[in-house]
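Step one of this worksheet: look at the structure below.
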């Protein structure tokens, strides 16, 4: 039995998920499309659902729920609210801020909306995702910080350094990877490229010396040197520069700035949207499916302290 399809319109969504029971049935069918299997013993004999919405294996008496191990693990928030948040995150092309989510869903506390978004964002990275392949443009860009008259292209001025790697697909762009980097040295750039790009791929970079070890690391390195009489950098690595520009526009337009400690999570969201830009509706089921591959994330793990989260600066 195949997994259930995803809603293709907001009208269908409202019709299919009117309450928590409908959401729970959808999760059950998505997690066990071939029928229930006990996560402990693997048997398929299951008793009736408990009042606490737990399924108990008849063989080993192990109890599990449809939300166990997902982004909704041990949640006290109604499942219907989680489904609406997931749908909005997956289908709203520019992304959505915690303030917008709070307003649209009528959530009383900002912290609840913020936590839901953070958990969904952490479910956007599939642990088993494959490296970029064949031909890839690699570059770095600076995000955030303050504006000033910087004398060098890689001077930071309080900005975060972000690595950008994007597949070449004809004249267009394929899959994308973004990563916060400590610096632009060979010791940082080489391991990052190794973790993002498949060995044997053609890697295009600028002439920065930080990429000097790529040839000896199993890649066909093709650095592109900028000519002084042709200062238009957009022609140097067009796909990487386009991704960098779109990222900065998105961060400023949707979130109006992001705190450094949470920047990687927002980069992962941008990558998620870019890589699924041609199938936005499918991202709803993908988000729920990806959540089952992650260890549950707690509030304290997200904030790293028992404090109120920093409010996203958005209207």
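The values are calculated or read from the model by the stated rules, or taken from the named source; none is laboratory data. On a predicted model such as this, the values are computed, not experimentally measured, just so you know. Because the Cβ atoms are built from the backbone with ideal geometry, glycine has one as well, and the counts that use them run over all protein chains shown.
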Criterion (under 13 Å from residue 133 (Cα atoms), in a loop (DSSP other than H, G, I, E, B) and in contact with a strand residue (DSSP E or B) (Cβ under 9 Å, 6 or more places away or on another chain)) met by exactly one of 207, 200: 200
Some residue of the stretch 67-79 being assigned to a helix (DSSP H, G or I) and either more than 30 Å from residue 53 (Cα to Cα) or at pLDDT 90 or above (or both): yes
Some residue of the stretch 266-285 being at pLDDT 70 or above, touching a helix residue (DSSP H, G or I) at 6+ places or on another chain (Cβ under 9 Å) and part of a loop (DSSP other than H, G, I, E, B): yes
Leading residue by the ranking (modelled with the lowest pLDDT) among those in the stretch 287-301 that are surrounded by 18 or more Cβ atoms within 10 Å (Cβ to Cβ) and in a helix (DSSP H, G or I): 291
Selection within the stretch 22-42 - in a loop (DSSP other than H, G, I, E, B) and on the phi < 0 side of the Ramachandran plot: 32, 33, 34, 36, 37, 38, 39, 40, 41
Where residue 116 falls short, out of the listed (1) surrounded by 22 or more Cβ atoms within 10 Å (Cβ to Cβ); (2) touching a residue at least 60 places away in the same chain (Cβ under 8 Å): (2)
Selected residue (criterion: farthest from the chain's Cα centre (by Cα)) from residues of the stretch 88-113 that are in contact (Cβ under 8 Å) with a residue 24 or more places away in the chain and outside any helix (DSSP H, G or I): 107
